[in-house]
Amino acid sequence: MWKDLKTWAQTLKRDTIALYLAVRDPRTPWYAKAIAAVVVAYALSPIDLIPDFIPVLGYLDDILLVPIGLWIAICLVPGEVLEDCRTRARRLVERPTSRTAAFFVVFLWAAMAALAGWIILRPAVLSLQT
């Protein structure tokens, strides 16, 4: 069961990336681009119809709406375009990831947050000292 669930999640990830690529493909009709763009934006957006912190219901929209939207958008994209985009998406998903690069990105974000906090809080600290 877990293997099937993991395979399904990987397929959803690949198809989301494939739809993103299909939106940018000139062979995709405008109506398919519009629906696919909305579905991809919703799937990748941190903003949900039902916030994730609500128990059970929070993930219900992710479990139901995203696959249904993907299915509708996939049905509208021409077959040859979808196959090309799925092949490209598969290559993107299978790309090796670098933990060093991820650490570097997280370090940069933390450094920028610390700098922003220092710039914002410095006047308040200086006014307390005088």
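Round to the nearest 10 and give me the degree value, 0 to 90, for the angle of helix 99-129's Cα axis relative to the longest principal axis of the chain. The helix 99-129 is inclined about 40 degrees to the chain. Mean-square fluctuations from a GNM of the chain, with a 10 angstrom spring cutoff on Cα atoms, peak among Ala43, Ala113, Ala34 at Ala113.
The angle between the Cα long axis of helix 57-76 and the longest principal axis of the Cα atoms of the chain comes to about 40 degrees, rounded to the nearest 10. The GNM of the chain, with springs linking C-alpha atoms under 10 angstrom apart, assigns the highest mean-square fluctuation among Thr97, Thr16, Thr28 to Thr97.
Can you bin the chain into rounded, prolate or oblate? Criterion: square roots of the alpha carbon gyration tensor eigenvalues sorted a ≥ b ≥ c, rounded for a/c under 1.5, prolate for a/b above b/c, oblate for the rest.
prolate
Please list log₁₀ I(q)/I(0) at q = 0.15, 0.22 Å⁻¹ for segment 69-130, using the Debye equation with identical point scatterers on the alpha-carbon positions. Debye intensities relative to I(0), on a log10 scale: -0.71, -0.90.
Considering segment 5-50, its Cα convex hull presents a mean projected area of 3.8 nm².
If I take R0 = 41 Å and measure r between the Cβ atoms of Ala113 and Leu5 in this structure, what FRET efficiency does the formula 1/(1 + (r/R0)^6) give, to the nearest 0.05? So, using R0 = 41 Å, E works out to roughly 0.70.
Ellipticity at 222 nm from helices only: DSSP H runs of n ≥ 4 in the chain, each -39500 (n - 2.57), divided by the residue count, give -27500 deg cm²/dmol. Potential lengthening of the chain between Thr87 and Leu128 amounts to 8.7 nm, from the contour at 0.36 nm per residue minus the alpha-carbon distance. Just checking the listed ones, Val93, Val105, Val38: in the Gaussian network model of the chain with Cα springs under 10 Å, the one fluctuating most is Val105.
Normalised by the number of residues in the chain, what is the relative contact order in percent for Cα pairs under 8 Å and 6+ residues apart?
Details: 79 pairs, mean separation 37.8, N = 130.
RCO, the chain: 29 percent.
Read the figures in this text as sums done on the coordinates, not as results from a lab. On a predicted model such as this, the values are computed, not experimentally measured, just so you know. Because the Cβ atoms are built from the backbone with ideal geometry, glycine has one as well, and the counts that use them run over all protein chains shown.
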